[in-house]
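Remarks on the structure that follows.
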Amino acid sequence: MINKKDIETERTIVEFRNYVTIVKSIVNDCKEERHKGIVKKGIYKVFVDEIIPLSLFCIKNYPENYRVLPKLGNQGYDAIIKDEDGNHVEYLEITSPHDGLKEANDAKLVVGRGYGETETGDSGDDLRDMFSIVLGICNKKAIKDYNDCSLVIVIDFSPPFKEEEPTYKQIISELEEKIVKIKFNVKKIYLLVIPLGMVKRIYG
């Protein structure tokens, strides 16, 4: 249903976001493919962890007529951004910190019974619990050379209620302070906070 060639097709920012949205809709309508997506089987892992966040980041961060060329593999970046004339703007590296084991177990429950684990706690606890995972990934990225590349750190959690958003934004600021204390070799660092629809440039 999705393949490397389609993903790596160069598109405008709007075309790319539309492509991702259409693929998600088609996958959701097919139980077998939807389950593959939930457990991130095969190419769905890169689609969920990199391509979906990339499309959200691009639509919020660049003019609509800019172009994006996703690249799968180990070349040191995940996408090339170009302006409307085809000139290079920047390379992007997408990283989506998450608790892999917890996520995998939850995905199996969703596929098996239709819903995952129910968690309780105070407002913002879920985001604070992610700090060690996010910072651990950041420390791993910090030892690599991304001198000509911008790093997009994807922060995802269950969408909070409207009245909880100020609390989450404050916690994001606390996380930002911890991240910028890490010495990276990057051009820029962005935070993409998916549930808040927010992109923050925190370095460069």
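Assorted remarks:
- Positive-end residue of Thr21, Ser150, Leu127, charge dipole of the stretch 4-203 with Cβ unit charges: Ser150
- Counting only Cβ charges, +1 for Lys and Arg and -1 for Asp and Glu, the dipole size of the chain around its Cα centre is about 520 debye.
- Relative contact order, whole percent, for the stretch 22-93 stands at 16, derived from Cα pairs under 8 Å and 6 or more residues apart.
- Which of Ile202, Ile22 has the fewest Cβ neighbours within 10 Å, and the rest in rising order: Ile22, Ile202
- Taking every Cα-Cα distance in the stretch 4-203 and sorting them into 10 Å bins starting at zero, the pair-distance distribution P(r) comes out as 8, 33, 37, 20, 2 percent.
- Convex hull volume per residue for the stretch 135-204, taking Cα atoms only, in Å³: 75
- Beta bridges from DSSP with both residues in the stretch 4-203: antiparallel share about 55 percent, rounded to the nearest 5.
- Entries of Lys71/Lys188; Lys5/Lys40; Lys140/Lys162; Lys82/Lys183; Lys71/Lys169; Lys60/Lys169 with Cα pairs more than 29 Å apart: Lys140/Lys162; Lys71/Lys169
- Residue among Ile189, Ile94, Gly73 farthest towards the positive dipole end of the stretch 4-203, charges placed on Cβ: Gly73
- Sorted peptide list for 137-148, 51-62, criterion being average Cβ within 10 angstrom, highest first: 51-62, 137-148
- Listed by chain and number, the aspartates and glutamates whose C-alpha is less than 15 Å from the C-alpha of Lys178, apart from same-chain residues fewer than 8 away, are Asp129.
Coordinate-derived values only; no laboratory data. Remember, predicted model here, so these are calculated numbers, not experimental data. When we count neighbours, we look across all protein chains shown, and the Cβ atoms used for this are built from the backbone with ideal geometry, even at glycine.
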